[in-house]
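The values are calculated or read from the model by the stated rules, or taken from the named source; none is laboratory data. Everything numeric in this text was worked out from a predicted model, so none of it was measured. Cβ placement follows ideal geometry from the backbone for every residue including glycine, while neighbour counts extend to all protein chains displayed.
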Amino acid sequence: MRRSADATPTPSAPPRDPVLVGLTLDSRKVKPGYLFAALSGSRQDGAAFVADAVKRGAVAILAAPDATLPPLEPGIVVVRDDNPRRRVALMASAFAGLQPATIAAVTGTNGKSSTVHFVRHIWQTMGINAASVGTLGIVSPGLVRDGGLTTPDPVQLHEDLAALAREGVTHLAIEASSHGIDQHRLDGLKLSAAAFTNLTHEHLDYHVSMDAYFAAKARLFETLLPSGGTAVVNADSDRADALGALCR
């Protein structure tokens with residue numbers, strides 16, 4: 001699959017090599033030339049919306065190997081991936097192209113919103129063009145938008161990061177929820193730093209155990225923060241030693 005250099009025309013590509021002009025996880029947002037990521041969730045299965053996505057002009061479908069898709073007309077490319085959530089996040093990153101040069105992600109049960117607000121404010125006080133993304137939405141010199149999810153879906157997130165970079169934002173502080181990390185919404189971010197505030201007994205309806213909850217948080221440092229990145233860990237947390245060991 002190829003990305004179109006111009007995201008406006010309707011593509012007419014060979015069946016085995018479609019030109020993509022966009023991608024989305026929401027079939028209602030599909031336009032001609034889009035890839036639709038048919039992800040399975042706790043409430044809905046994206047495979048149920050594949051027919052609608054194709055009707056709206058999708059030329060490619062991303063799905064898990066075991067996803068049951070409806071019969072598709074010739075020319076619709078189906079991409080099967082063992083981890084479609086991670087794959088669509090990496091695709092969204094590549095498609096959007098731009099990110100602020102310095103990105104710091106903050107995770108923890110409590111204190112994420114305050115921390116990213118403080119970090120953004122410190123940067124702005126230093127004369128740096130900075131923004132924050134999280135529960136409170138997007139806050140930047142040129143854009144203020146109310147939030148929904150603490151960590152947006154990867155397509156929306158990378159579109160937002162590209163827009164911030166285009167407006168001149170060089171530094172970004174972003175909340176990294178355990179759900180967002182576990183669901184690969186942050187994959188594709190080029191992190192410079194990651195911070196951990198604390199871990200308390202919440203979200204166990206999703207993570208089942210405290211160990212699983214911690215493992216989701218730890219993935220920010222184990223997998224998403226590159227070698228040489230800066231890790232900031234609250235030394236008062238009872239998970240500080242375990243997280244510090246992962247970062248060494």
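Condition check ((1) of a type in the set (Val, Ile, Thr); (2) surrounded by 15 or more Cβ atoms within 10 Å (Cβ to Cβ); (3) closer than 19 Å to Phe118 by Cα; (4) in contact with a strand residue (DSSP E or B) (Cβ under 9 Å, 6 or more places away or on another chain)) across all residues:
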| position | (1), (2), (3), (4) |
| --- | --- |
| Ala131 | no, yes, yes, yes |
| Val139 | yes, yes, yes, yes |
| Leu143 | no, no, yes, yes |
| Val155 | yes, yes, no, yes |
| Ala162 | no, yes, no, no |
| Ala216 | no, yes, no, yes |
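Has segment 181-201 got at least one residue that is touching a Pro at 6+ places or on another chain (Cβ under 6 Å), of a type outside the set (Val, Ile, Thr) and crowded, with 20+ Cβ neighbours inside 10 Å?
Yes, that holds for at least one residue.
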Do we have Pro65 as without any contact (Cβ under 8 Å) to a residue 60 or more places away in the chain and either closer than 24 Å to Asp160 by Cα or out of contact with any strand residue (DSSP E or B) (no Cβ under 8 Å at 6 or more places or on another chain) (or both) here? no
(message) Scan segment 66-81 and tell me whether some residue there is within 30 Å of Gly229 (Cα to Cα), modelled with pLDDT of 95 or more and surrounded by fewer than 18 Cβ atoms within 10 Å (Cβ to Cβ).
(response) yes
Flagged pairs (Cβ under 6 angstrom, 6 or more apart or on separate chains; first in segment 218-230, in the same structural domain as Ala173 (by TED's automatic domain parsing); second in a helix (DSSP H, G or I)) are Ala218/Leu246; Arg219/Ile181; Leu220/Ile181; Phe221/Leu246; Phe221/Cys247; Glu222/Leu246
